[in-house]
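Bear in mind that the values in this text are calculations on the coordinates, not laboratory data. Given the structure is predicted, the values throughout are model-derived calculations rather than measurements. Ideal geometry is used to build each Cβ from the backbone, glycine not excepted, and the neighbour counts take in all protein chains shown.
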Amino acid sequence: MMATSESVGRSPNFHSMLWKLPWHIWTKSWYLSGVGHDLGGLRVPKQSLACCQQPPATMFFTLTVLLGVIALELSSADGHDHYYTAAVYEHSRFDSKNESSRFVIETNLGYYKRAAEIASLKGADVIVYPEYGIHSPSSERTALKGYVEYIPNPKKERINPCEQPELFSQTLILRTLSCVAKNNSIYVVANVGEKQNCEGDPDCPSDGVFHFNANIVFDREGTLIFKYRKEHLFYEFGMDVARGQQNYTFETDFGTFATFICFDIDFGRMSEVARRPNVDGVMFSTMFVDQLPQMVSIQFWESWALGNNATILAANIQIPGYLAVGSGIFHGKKGALAYTFNPDGISKLVIARVPKRGSDPLSPEASITAISEDDSWDWKGDGIDVPTVCTRTLLNDSIDLYHEYRCMEENMTDYTFVKLTEPKGHLGVCSNGVCCSLNYETTGLDESYYLGVFNGTYHHFGRYSWCEEDCVLARCDDSDEKPCATFPLKTETVFRHLHLKANFTSEVVYPALTQSGMRLVPRSEWRHHQHRELKRDIHFSNESGRKLLVAGMKGRCYDKDPPYTR
């Protein structure tokens, strides 16, 4: 319900509330009124510079706009009952072995501040930052010493480093992030390195402290309200695995959320928590390793959202040479609300409105803002820098980490494949009780496509293992006499219709449909269903056609996974 002037006027504390309004409301009002000066990115009203020279008509207009903005803010609890606005920040991390750890931290946090300011001006309620956005990962504990900080337990006491700088003078990261939240009246979810004294613990490292890869959450006032430690480390030998049972959810003024970190998404806990009826979504920090054909950042996060019927806000690093690019906001029914996938070394802020649980779909009013060291601009033409080939099987490692994109392949050694040979038709293939069938029609088949199926224990990088049941159609080429060994990112083959079916024992199946250039196919053109006896299918139809790269269903039989080991 929109607040009226009468309802605002009835507030007994209206004038005191005026001066207690968050700073971003004042900056919005000055920006809207057009009477502000921009000083270093801060909107300052002309009144503060020459108050007595303001024409009465302009002052009246300014006051009118300000009161309008205040009314909207005061009524936001009523007016935004059906959605919240989310921001995820894809950061092109600054790193240098020639600079001090403090300089590296301050440089990266400078980008974080700018992203939060822009997000706040665009009405965002929360901003999620990526994994290892403030410093790079390292297997050497000594290399992390200048970046890890003591993080208090927010469940034991109220902790607001921005309001208590004298108590947190030695925790630059914690104090800065608290002020980012407070100064922009926005929830902040950020990934940090945490240290904890452990002397006397039998598992304590020789240096006397545990190192944890942690996500921390601040509310709009800058108060630390939640801490989560990553449970599934991906190598990361400079870090320690989280110890003991953790709480996974926290409360905001727009819902109940969980937060997880990168490799956690490959295991059952994150899925189980996201599917709880009281959880409104997952805020996900990551430095994701892209693997074709079904495990590329945005592609997998959309399929994860659809498979769990859960919202995920995914913030990734933008370092293409490290196989990391792509961020977005994904809904459990609508799929991608907003995303970016452009390997160019440029930081980007993705914003979208997200329907709350039980609310009807609405326009996401999505935007992408590019952010450089000294500028920001509306980002257009996402995807223009996606190359045809990225695999390290065919290319050397990147020399320029920020502009030469590299990716890897999933381990498909034990897949059973059948090749498409006709422009349209029907074919099927089975493996260990899982059968995958395909009906399709193209405008002409001049490139290599395979239908593949797998059922068994999947071995990830030769170190980690879990259970998968996969059915996938992929544009791929043979290599070293192996079928479907490398996967281009672009294709010229146009599909008009596609119907992919398979049987699973997995309760959770992740459907994906991706087109040339690693773009997600609009959800209006395809659907996925679960039928009796856990049979699943994907149906795509577009008479004009789409240049499809991958259509797949990845079943995750979490109940059959071997225990995770470091």
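Among the residues of segment 243-273, those that are crowded, with 19+ Cβ neighbours inside 10 Å and part of a loop (DSSP other than H, G, I, E, B) comprise Y248, F254. For segment 348-366, what are the residues that are more than 15 Å from the chain's Cα centre (by Cα) and not in a loop (DSSP other than H, G, I, E, B)? Once the filter is applied, which keeps residues that are more than 15 Å from the chain's Cα centre (by Cα) and not in a loop (DSSP other than H, G, I, E, B), segment 348-366 yields only P355. Of everything listed in (1) part of a strand (DSSP E or B); (2) in contact with a helix residue (DSSP H, G or I) (Cβ under 6 Å, 6 or more places away or on another chain), the single unmet condition for F226 is (2).
Within segment 451-472, being touching a Pro at 6+ places or on another chain (Cβ under 9 Å) and either crowded, with 22+ Cβ neighbours inside 10 Å or hydrophobic (A, V, I, L, M, F, W, C) (or both) holds for G452, W466, C467, V472. The condition (being assigned to a strand (DSSP E or B) and either of a type in the set (A, V, I, L, M) or surrounded by 20 or more Cβ atoms within 10 Å (Cβ to Cβ) (or both)) is satisfied by just one residue among V418, V389: V418. Taking segment 518-558 as the region of interest, the strands (runs of 3 or more DSSP E) fully inside it that hold 3 or more residues being among the hydrophobic types (A, V, I, L, M, F, W, C) are 548-556.
Here segment 141-200 is the region considered, the condition is being of a type in the set (S, T, Y) and under 20 Å from D219 (Cα atoms), and the residue that is surrounded by the fewest Cβ atoms within 10 Å (Cβ to Cβ) is Y150. Residues that are outside any loop (DSSP other than H, G, I, E, B) and not charged (D, E, K, R) were ranked within segment 367-386; the one that is surrounded by the fewest Cβ atoms within 10 Å (Cβ to Cβ) is W377.
A single entry from E441, E468 fulfils the requirement of being part of a strand (DSSP E or B) and within 30 Å of F237 (Cβ to Cβ): E468.
Is it the case that segment 486-498 has a residue that's part of a strand (DSSP E or B), out of contact with any strand residue (DSSP E or B) (no Cβ under 7 Å at 6 or more places or on another chain) and crowded, with 18+ Cβ neighbours inside 10 Å? There is no residue in segment 486-498 that is part of a strand (DSSP E or B), out of contact with any strand residue (DSSP E or B) (no Cβ under 7 Å at 6 or more places or on another chain) and crowded, with 18+ Cβ neighbours inside 10 Å. Screening V279 against (1) part of a loop (DSSP other than H, G, I, E, B); (2) in contact with a helix residue (DSSP H, G or I) (Cβ under 7 Å, 6 or more places away or on another chain); (3) under 19 Å from E90 (Cα atoms) leaves a single unmet condition, (3). Being over 19 Å from Y84 (Cβ atoms) and not polar (S, T, N, Q) is a description that does not apply to M283.
Scanning segment 201-220 for residues that are surrounded by 15 or more Cβ atoms within 10 Å (Cβ to Cβ) and in a loop (DSSP other than H, G, I, E, B) gives C204, D219, R220.
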